[in-house]
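S.K.: To start, I am sharing the structure in question, which I have written as structure tokens.
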Amino acid sequence: MTRTFPEEIRTRLQHALGAADVDLPSRFVPAVSPTNDPRFGDYQSNAAMILGKQLGTNPRALAEKILAVFDPEKLCDPPEIAGPGFINFRIQSALLNERLFGLLTHDSLGVSTVADPQTIVIDFSAPNVAKPMHVGHIRSTFIGDALARIARFLGHTVISDNHIGDWGKQFGMILYGWRNFLDESAFEKDPIGALVALYKRVNSLAKEDQAVNTACKEELVKLQQGDPGNIEIWERVIVLTRSGLDKIYGPLDIHFDHWLGESAYNARLAALTEELMESGTATESEGAICVFFPDDPALADKPPCIVRKQDGGFGYAATDIATIEHRVHEFKADEIWYVVGAPQQLHFDQVFAVARKRGLDSALVFIPFGSILGDDRKMLRTREGEPPQLGDLIEEAVERARQIVEEKNPGLPSDEKDTIAKTVGIGAVKYAELSQHRMTDYIFSWDKMLSMQGNTAPYLQNAYVRIRSIFRKLEGEADFGERAELEDENEKKLALKLLQFSEAVPEVLVDHRPNSLANYLYELADTFHGFYESCPVLRAEGVTRDTRLTLSEITSRVLCQGLDLLGIEVPDRM
RNA sequence: GCGCCCUUAGCUCAGUUGGAUAGAGCAACGGACUUCUAAUCCGUAGGUCACAGGUUCAAAUCCUGUAGGGCGUGCCA
């Protein structure tokens, strides 16, 4: 297992600190980060400044003391002290050469698997039954899928679970609608559409008419209590919904290990509630079974967690608690990640608190994201208005990409153009989401989601395509020679960037933010384009050519692998 | 009312968790295709990091307050 450059530098700094007999605060770890200006070398550490402050000594003097015993052998040039006390490191060319060339035979492109693999259940996407996926589902679906891919790549055991909303109050509405207004003919033509129409009709009716609202709740309670007629309807609706969802997930290349929706835990809810009562965790309040948190300062003055409602029905707190139990006991989850919108913070704080009271000690991680807003700057909701559907968005993306391919590369076979259009269009939509910080709210915009210029997936795909084009022009098998020798500044910059893939991937899981990987890939493509402009590959000779071929090959592999971790594919031509 | 989150270039957003002169993309302007794919590249212009204090060698980043916005706040999920 090869250490990354920052890890190596950090280790040697720690050695030096020990050798220099510096009186370290407990658990002090020197920070090492890439520089933002090449004049300062490749990496920098502010350790001397931090320590200088804590120990009351001059930072630059301390830095000199550290560097007097720092061992740069086979790693970097002798480090320099700069500014108020930064220590700057420049990686040795020989080491860059060696590591770069080594990447050719390294399957995971320099990325080490984690030392302590965990079993991680990731809960994402979770659409509702009988409602089509719309643009509001983009975030959970794409972010969750990317996190699953990245965690797997790093060596964790990942179990993805689509916890679909197949049991809630909206289902009562479907049942009510099914029993009262089902239009069989419309249903045969377009099952999903008919279900949606049904839902909408009942929803608006229930808003105005309290009796309808109550009737819906009653249908739900009947279902939850096992009424055979309602069960039968429910089963049919699930099958239909599942097939509708598969049509969306398929082209997006998103797959789940399990589809354990809310309904999967129905049989457990009554007993769970009783256990909660018996253990004193839950109490009755205003006719509902609730958990209060008097000992938790953050939750004490908040409304209670409602496990069972007045009408006897179970809310999603009950199913979520049962779900955690299942994941801990059956899946042996060390961690459970919830990729869910930020507004549900309180709900998960409560549910996690209940789980802990029940002795479930797996790490429960809420991974929130900001809202997608409509033109009015309000959250997109299905209840009012009509947010664009995910299927339509994808279709439009593919169409726009198809037009551009037609324009740029009319000579390609038609079926290849189709494939390219899918790869590019879907990539653009995914990247638009994943390149953004997950907590940022944004106003949904077709043009933004479908942009194909600048910092977009097609930009990264284009860099890959240019490289594949180089190799297509090579006669026969590519020969990368026996070593790399970096001369030009653009080559060195690119080599360093490529070697930093090993830093960028693990970085994502520090804060569960795929956008940090997207940023890295954009910078890589940008660096590559600089290299591409000033360093001809095929016209070069000897070791220069070998080196440039190596740089190109590794760049294409990192782009392909990196994009794959975001769930984005690359075409060979575009 | 209370709680959480947000405010960075005309627009959309990054900003490696406190580091050196705050960066990209769009849009604007000026250049580069008989060359390994121009979905590209190079250059110009664009900033009181909402505002006011504070913490320190160092603040877009941490603390306090103010303004504006979003979300949540007992039986939807």
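S.K.: How many residues does segment A:147-162 contain that are closer than 15 Å to A:HIS255 by Cβ and assigned to a loop (DSSP other than H, G, I, E, B)?
M.R.: Going through segment A:147-162 one residue at a time, the tally reaches 1.
Per-residue answers, yes or no, for (1) under 24 Å from the mean Cα position of the chain (by Cα); (2) under 23 Å from A:PRO117 (Cα atoms):
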residue: A:GLY315; (1), (2): no, no
residue: A:ALA318; (1), (2): no, no
residue: A:ASP334; (1), (2): yes, yes
residue: A:GLN344; (1), (2): yes, no
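S.K.: Here's a check for you: in segment A:453-487, which residue that is under 35 Å from the mean Cα position of the chain (by Cα) and of a type in the set (Gly, Ala, Ser) is surrounded by the most Cβ atoms within 10 Å (Cβ to Cβ)?
M.R.: The extreme case among them is A:ALA457.
S.K.: How many residues does segment A:497-513 contain that are in contact with a Gly (Cβ under 9 Å, 6 or more places away or on another chain) and farther than 19 Å from A:ALA31 by Cβ?
M.R.: Selection size over segment A:497-513: 4.
S.K.: Here's something else I'd like to know. Looking at segment A:516-539, which of its residues are more than 8 Å from RNA strand B (Cβ to nearest atom) and either over 20 Å from A:MET452 (Cα atoms) or polar (S, T, N, Q) (or both)?
M.R.: Correct list: A:THR527 only.
S.K.: Among the numbered criteria (1) outside any helix (DSSP H, G or I); (2) buried (at least 17 other Cβ atoms within 10 Å of the Cβ), which single criterion is violated by A:LYS493?
M.R.: Of (1) outside any helix (DSSP H, G or I); (2) buried (at least 17 other Cβ atoms within 10 Å of the Cβ), only one is false for A:LYS493: (1).
S.K.: Quick one: in segment A:234-276, of everything that is within 23 Å of A:LEU390 (Cβ to Cβ) and of a type in the set (Phe, Trp, Tyr), which residue is surrounded by the most Cβ atoms within 10 Å (Cβ to Cβ)?
M.R.: A:PHE256
S.K.: Looking only at segment A:493-543, count how many residues are over 29 Å from the mean Cα position of the chain (by Cα), hydroxyl-bearing (Ser, Thr, Tyr) and at pLDDT 95 or above.
M.R.: Number of matching residues: 1.
S.K.: Filter segment A:423-448 down to the residues that are buried (at least 19 other Cβ atoms within 10 Å of the Cβ) and more than 10 Å from RNA strand B (Cβ to nearest atom) and list them by number.
M.R.: Correct list: A:ILE426, A:VAL429, A:LYS430, A:TYR431, A:GLU433, A:LEU434.
S.K.: Here's another thing I want to ask about it. Would you say A:GLN54 is polar (S, T, N, Q), touching a strand residue (DSSP E or B) at 6+ places or on another chain (Cβ under 6 Å) and either surrounded by 15 or more Cβ atoms within 10 Å (Cβ to Cβ) or at pLDDT below 95 (or both)?
M.R.: no
S.K.: Which ones in segment A:270-297 are touching a residue at least 12 places away in the same chain (Cβ under 8 Å), within 10 Å of RNA strand B (Cβ to nearest atom) and of a type in the set (S, T, N, Q)?
M.R.: The answer is A:SER285, and nothing else.
S.K.: Which of the residues spanning segment A:370-421 are part of a loop (DSSP other than H, G, I, E, B) and in contact with a Pro (Cβ under 8 Å, 6 or more places away or on another chain)?
M.R.: If the condition is that a residue be part of a loop (DSSP other than H, G, I, E, B) and in contact with a Pro (Cβ under 8 Å, 6 or more places away or on another chain), then A:SER371, A:GLY374, A:LEU380, A:ARG381 are the ones that fit.
S.K.: Separate question: Scan segment A:319-350 for residues that are buried (at least 20 other Cβ atoms within 10 Å of the Cβ), within 11 Å of RNA strand B (Cβ to nearest atom) and part of a helix (DSSP H, G or I) and jot them down.
M.R.: Correct list: A:THR319, A:ASP320, A:THR323, A:GLN350.
The values are calculated or read from the model by the stated rules, or taken from the named source; none is laboratory data. Note that this is a predicted model, so its numbers are computed, not measured. All Cβ positions, even for glycine, are placed from backbone atoms using ideal geometry, and neighbour counts span all protein chains on display.
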